[in-house]
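**Q** Structure in structure tokens, see below.
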Amino acid sequence: VAAQIAYYVSAAAAVGPCDVAVPTGNFGNILAGWIARRGGAPIERLIIGSNSTDILTRWARSGDLVQTGVVPTLSPSMDIQVSSNTERLLFELYERNPLLLVDRMAEFRAEGRVETGDTHLATVTEVFDGAAFSDEETRAEIRRTYDETGVILDPHTAVGVAAARRVRRDPEVPMVCLATAHPAKFPDAVEQAIGIRPELPAHLADLFDRPERFEALPNDLAAVQAHVRGVIAG
């Protein structure tokens, strides 16, 4: 999260006051945006892009975290119901009250739902917005972006771009969309969308031809720790 804050500061410095759209499942990248905004970066809104596992977009609109089950999708990094970085944001919104946070997260894990919005709800609903998309809608966004710009999106980034289109309020405010993966990481989904199988970047083109190196270790923690120490020591 600390490293990702730089993305938002750099983007806002380049374009001025802006909205930022991010595909997110574990809420880490977009949490970095919230921290950057709190630190003074001129970011007006943070847009959550979700797939069919849409717990985060529902939370941003209602203040309630409600699990409904994971749905396997073309964007598997977002197939998450319990986003660990949501807990980090709630810690800040609860004014760093650890006991309150522990109680709420225990309720969430036990019952699959928790009303988190009774404290500083406006902080969430005013800053965050979002939209969720099915696999077919994700493929449609990949096609649309490619047809309009020639840019090939991976399915995660496509969700973020689609969310930006759907919830954008003011066309005068720049919208920054964060790309989160190379399309070659998800070649099947991209090929389904545009009929083109993306190639690996040049520096990885020979990846599957490179020699594989590994060492077999016993199923023993001490042995693994000793091995790691040995590698670090050189």
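The values are calculated or read from the model by the stated rules, or taken from the named source; none is laboratory data. Keep in mind that this is a model prediction, so the values were computed, not measured. Don't worry about glycine lacking a Cβ; one is built from the backbone with ideal geometry, like all the others, and counts go over all protein chains shown. Keep in mind that these areas ignore ligands, DNA and RNA; they rest on the heavy atoms of the full protein, side chains included. Shrake-Rupley method; radii C 1.70, N 1.55, O 1.52, S 1.80 Å.
**Q** Just to be sure, is Val190 touching a residue at least 40 places away in the same chain (Cβ under 8 Å) and closer than 24 Å to Arg37 by Cβ?
**A** On the way: touching a residue at least 40 places away in the same chain (Cβ under 8 Å): yes; closer than 24 Å to Arg37 by Cβ: no.
Here the answer is no, as Val190 does not meet what is asked.
**Q** Quick one: count up the residues across the stretch 15-55 that are farther than 23 Å from Glu137 by Cα and β-branched (Val, Ile, Thr).
**A** 3
**Q** Within the group Val228, Val190, which residue is aliphatic (A, V, I, L, M), farther than 16 Å from Ile47 by Cβ and open to solvent by 30 Å² or more (accessible area, probe 1.4 Å)? Full working, then the answer.
**A** Numbers: Val190 fails: open to solvent by 30 Å² or more (accessible area, probe 1.4 Å).
Testing whether each residue is aliphatic (A, V, I, L, M), farther than 16 Å from Ile47 by Cβ and open to solvent by 30 Å² or more (accessible area, probe 1.4 Å) leaves just Val228.
**Q** Looking at the stretch 207-234 only, could you name the residues that are closer than 25 Å to Pro76 by Cα and among the acidic types (Asp, Glu)?
**A** none
**Q** Looking for whichever is within 25 Å of the chain's Cα centre (by Cα) and assigned to a helix (DSSP H, G or I) here; the options are Ala131, Ala158, Ala222. Which one fits? Show your work before the answer.
**A** Numbers: Ala131 fails: assigned to a helix (DSSP H, G or I); Ala222 fails: within 25 Å of the chain's Cα centre (by Cα).
One residue alone meets the criteria, Ala158.
**Q** Of all strands (runs of 3 or more DSSP E) completely enclosed by the stretch 4-104, which ones contain at least 3 residues that are over 28 Å from Pro174 (Cα atoms) and modelled with pLDDT of 95 or more? So that I can check it myself, show each step before the final result.
**A** Values: elements: 18-23, 43-50, 64-66.
It comes to none.
**Q** Also, quick follow-up: Looking at (1) open to solvent by 10 Å² or more (accessible area, probe 1.4 Å); (2) touching a strand residue (DSSP E or B) at 6+ places or on another chain (Cβ under 9 Å), which one does Leu46 not meet, given that it meets all the others?
**A** (1)
**Q** Further question: Would you confirm whether any residue within the stretch 198-211 is buried (at least 16 other Cβ atoms within 10 Å of the Cβ) and over 24 Å from Ala13 (Cβ atoms)? Spell out the reasoning first.
**A** Narrowing the stretch 198-211 to residues buried (at least 16 other Cβ atoms within 10 Å of the Cβ): 198.
Cutting the leftovers down to over 24 Å from Ala13 (Cβ atoms) gives us 198.
So far as the stretch 198-211 goes, yes, one or more of its residues are buried (at least 16 other Cβ atoms within 10 Å of the Cβ) and over 24 Å from Ala13 (Cβ atoms).
**Q** With respect to Asp64, is the statement that it is surrounded by fewer than 17 Cβ atoms within 10 Å (Cβ to Cβ) and within 24 Å of Ala158 (Cα to Cα) true?
**A** Numbers: surrounded by fewer than 17 Cβ atoms within 10 Å (Cβ to Cβ): yes; within 24 Å of Ala158 (Cα to Cα): no.
No, not satisfied.
**Q** For the stretch 105-115, what are the residues that are open to solvent by 60 Å² or more (accessible area, probe 1.4 Å), assigned to a helix (DSSP H, G or I) and in contact (Cβ under 8 Å) with a residue 12 or more places away in the chain?
**A** Arg109
**Q** Something else now. How many residues are out of contact with any helix residue (DSSP H, G or I) (no Cβ under 7 Å at 6 or more places or on another chain) and not β-branched (Val, Ile, Thr) if we restrict to the stretch 138-195?
**A** The first filter runs over the stretch 138-195 and keeps only residues out of contact with any helix residue (DSSP H, G or I) (no Cβ under 7 Å at 6 or more places or on another chain), leaving 140, 144, 147-150, 157, 160, 163-173, 182, 184-185, 187-188, 191, 195.
When the remaining residues are screened for being not β-branched (Val, Ile, Thr), the result is 140, 144, 147-148, 150, 160, 163-166, 168-172, 182, 184-185, 187-188, 191, 195.
Counting residues in the stretch 138-195 that are out of contact with any helix residue (DSSP H, G or I) (no Cβ under 7 Å at 6 or more places or on another chain) and not β-branched (Val, Ile, Thr) gives 22.
**Q** Do the conditions hold for Asn29, that is, is it within 17 Å of the chain's Cα centre (by Cα), touching a residue at least 12 places away in the same chain (Cβ under 8 Å), open to solvent by 10 Å² or more (accessible area, probe 1.4 Å) and more than 20 Å from Asp154 (Cβ to Cβ)?
**A** Spelling it out, it is not the case that Asn29 is within 17 Å of the chain's Cα centre (by Cα), touching a residue at least 12 places away in the same chain (Cβ under 8 Å), open to solvent by 10 Å² or more (accessible area, probe 1.4 Å) and more than 20 Å from Asp154 (Cβ to Cβ).
**Q** While we're on this one: Any idea which of Val151, Val167, Val176, Val124 is closer than 30 Å to Pro42 by Cα, open to solvent by less than 90 Å² (accessible area, probe 1.4 Å) and modelled with pLDDT under 90? Please lay out each step first, then the result.
**A** Values: Val151 fails: modelled with pLDDT under 90; Val167 fails: modelled with pLDDT under 90; Val176 fails: modelled with pLDDT under 90.
Val124 is the lone residue from the list that is closer than 30 Å to Pro42 by Cα, open to solvent by less than 90 Å² (accessible area, probe 1.4 Å) and modelled with pLDDT under 90.
**Q** Looking at (1) farther than 30 Å from Ala13 by Cβ; (2) small (Gly, Ala, Ser); (3) open to solvent by 60 Å² or more (accessible area, probe 1.4 Å), find the lone condition where Ser84 falls short.
**A** Result: Ser84 passes all but (1).
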